[in-house]
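The values are calculated or read from the model by the stated rules, or taken from the named source; none is laboratory data. Note that this is a predicted model, so its numbers are computed, not measured. Note that each Cβ is placed from the backbone with ideal geometry, even for glycine, and that neighbours are counted across all protein chains shown.
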Amino acid sequence: MEKTISVRCAVNRTRAAEEVLKAINRVQHVNDEVAETMPRGEGEEAVVCFFKLDRFISDDKLEEKYELRGLKPADPYSLAAVNAADPSFADEHPNGTHWKDAQGEWCYVAFDRWRDERHVYVGRSDWDWSDHWWLAGLRK
């Protein structure tokens, strides 16, 4: 049986992307242009479901993994709320989500711990997700 983790969190969707990312108090690796395209999602609360990959996978193939689980990619605001509420979560469960920008390019936000520091990454995706990551989704 595949391991999944579900986390309920309050989400403030009124802040600008820059404010959301600064509020999580992590080392920032952020493409500001991409951060401005982060979908806000809906609702004051979210239940974010995490699943672990078992191999390297492209963003296009990852969409199939979400679909098989009855999920859609979590919006970055929900994912940031999980990592803000529990900063240690990404220490053991490096996590991320993705979306397409207006040009149809894959973008991502990811949280992890590296060399004793907590990091957040926002950019355009030109790499595959590895089995290191837990992917975040929301029920459809």
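Results for (1) part of a loop (DSSP other than H, G, I, E, B); (2) more than 18 Å from HIS119 (Cα to Cα); (3) of a type in the set (Lys, Arg), shown as yes or no for each residue.
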residue: THR14; (1), (2), (3): yes, yes, no
residue: HIS29; (1), (2), (3): no, no, no
residue: THR37; (1), (2), (3): yes, yes, no
residue: LYS61; (1), (2), (3): no, yes, yes
residue: SER78; (1), (2), (3): no, no, no
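For the condition crowded, with 18+ Cβ neighbours inside 10 Å and free of Cβ contacts under 8 Å to residues at least 40 places away in the same chain, what is the one hit in ALA90, ALA84? Can you show your working first?
Working: ALA84 fails: free of Cβ contacts under 8 Å to residues at least 40 places away in the same chain.
The unique qualifying residue is ALA90.
List the number of the failed condition for ARG55; all other conditions in (1) in a loop (DSSP other than H, G, I, E, B); (2) touching a Leu at 6+ places or on another chain (Cβ under 9 Å) hold.
Failed condition: (2).
Does SER58 qualify as being over 15 Å from ARG8 (Cβ atoms), hydroxyl-bearing (Ser, Thr, Tyr), surrounded by fewer than 18 Cβ atoms within 10 Å (Cβ to Cβ) and in contact (Cβ under 8 Å) with a residue 40 or more places away in the chain?
On the way: over 15 Å from ARG8 (Cβ atoms): yes; hydroxyl-bearing (Ser, Thr, Tyr): yes; surrounded by fewer than 18 Cβ atoms within 10 Å (Cβ to Cβ): yes; in contact (Cβ under 8 Å) with a residue 40 or more places away in the chain: yes.
Against the criterion (over 15 Å from ARG8 (Cβ atoms), hydroxyl-bearing (Ser, Thr, Tyr), surrounded by fewer than 18 Cβ atoms within 10 Å (Cβ to Cβ) and in contact (Cβ under 8 Å) with a residue 40 or more places away in the chain), SER58 qualifies.
Quick one: how many residues across segment 1-44 are of a type in the set (Asp, Glu) and in contact (Cβ under 8 Å) with a residue 24 or more places away in the chain? Steps first, please.
Within segment 1-44, the first condition is being of a type in the set (Asp, Glu), and the residues that meet it are 2, 18-19, 32-33, 36, 42, 44.
Still in the list and also in contact (Cβ under 8 Å) with a residue 24 or more places away in the chain: 2, 42, 44.
Residues meeting the conditions: 3.
Taking the criterion of being closer than 13 Å to ASP59 by Cα and under 14 Å from the mean Cα position of the chain (by Cα), would at least one residue in segment 110-118 satisfy it? Reasoning before the result, please.
Going residue by residue through segment 110-118, those that are closer than 13 Å to ASP59 by Cα are none.
No, the conditions are met nowhere in segment 110-118.
In this structure, is ARG115 among the basic types (Lys, Arg), at pLDDT below 95, over 24 Å from GLU19 (Cα atoms) and surrounded by fewer than 20 Cβ atoms within 10 Å (Cβ to Cβ)?
Numbers: among the basic types (Lys, Arg): yes; at pLDDT below 95: yes; over 24 Å from GLU19 (Cα atoms): yes; surrounded by fewer than 20 Cβ atoms within 10 Å (Cβ to Cβ): yes.
The answer is yes for ARG115.
Would you check which residues across segment 42-55 are surrounded by fewer than 18 Cβ atoms within 10 Å (Cβ to Cβ) and of a type outside the set (A, V, I, L, M) and list them?
Here is the first cut: in segment 42-55, the residues surrounded by fewer than 18 Cβ atoms within 10 Å (Cβ to Cβ) are 42-45, 47, 52-55.
Across segment 42-55, the qualifying residues are GLU42, GLY43, GLU44, GLU45, LYS52, ASP54, ARG55.
Kindly evaluate VAL47 against the criterion of being in a strand (DSSP E or B), closer than 24 Å to ARG113 by Cα, touching a residue at least 24 places away in the same chain (Cβ under 8 Å) and not charged (D, E, K, R).
The answer is yes for VAL47.
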